[in-house]
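No value in this document is a laboratory result; all are computed from the given coordinates. Note that the coordinates shown come from a computational prediction; the quantities given were computed from them, not determined experimentally. So basically every Cβ, Gly included, is an ideal-geometry build from the backbone, and we count neighbours across all protein chains shown.
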Amino acid sequence: MFVINTTMEIKWLLLFAFNIFVLLRRMHPHLPPSPPAIPILGHLHLLLKPPIHRQLQNLSQKYGPIFSLRFGSGPVVIISSPSTIEECFTKNDIIFANRPRLLIGKYIGYNYTTIASASYGEHWRNLRRLSSLEIFSSNCVNMFLGIRRDEIKILLHRLSQNSRDNFARGLVNRNRMIDHLLSLQKSEPEYYTDEIIKGLALILIFAGTDTTATTIEWAMSLLLNHPDVLKKARAELGTHVGRIRLPQITISLKYHF
């Protein structure tokens, strides 16, 4: 018969958690100010109350425009100052260009080869150049204008029928971008492998859906909170677009390397 000393086990557990906390602080001794953390979990408990951006705003008001959090064992720096953010993306952009080697980048990001998971270097620059010149250049975007119009009609029809399972597959089957990437694979098969093409297509689909949905959500939220602006927007749409046709898209993109 064994008697479990619960108090002793709790003490050993707390001692282990404290040692982990001290070790992490020694590994990152120059981090910005940080709120009190829970051993092992870090600051995850601070994000349990939605919305998350409100929680981060409250923390920035208490600890300043630059503070640090810890999600488990991963340190995270939160910046809410527009001038500091601008400096990070201009003067120090290369320093912040690398991505952490997370498991999602290994198994979902095709072993860190996508533009969202690859670290800064020749491969990342080539993917950026490929996306900018071969996919999102003004010539390519305007050349596919008719195709986008047809896709919008098909999208509205598919969504009205609530047939989302086959939508993504049909999108890939009809996508001229995939055809263009496959043509590049014929010229440089050693670089444009199936993984590179699938990873680029995956990121483009994610970026084209998640960011668009988030932008529309925020725009609608702001319009609902400002009825006078919503009224002007509806009047402008009624004047320039109407109710029986879709808005015309004019795109002009400029890239600098």
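Site pair Ala207 and Ser221 shows an inter-label distance of 2.3 nm when each label is modelled 7 Å from Cα along Cα→Cβ.
Work through the residues other than Asp228 whose Cβ is under 14 Å from its Cβ and net out their charges, Lys, Arg +1 and Asp, Glu -1.
On the way: positive: Lys231, Lys232, Arg234; negative: Glu236.
Charge balance near Asp228 sits at +2.
Taking only the C-alpha atoms of region 38-96, the Rg (one decimal) and the largest Cα-Cα distance, Dmax (whole number), read 12.8, 36 Å.
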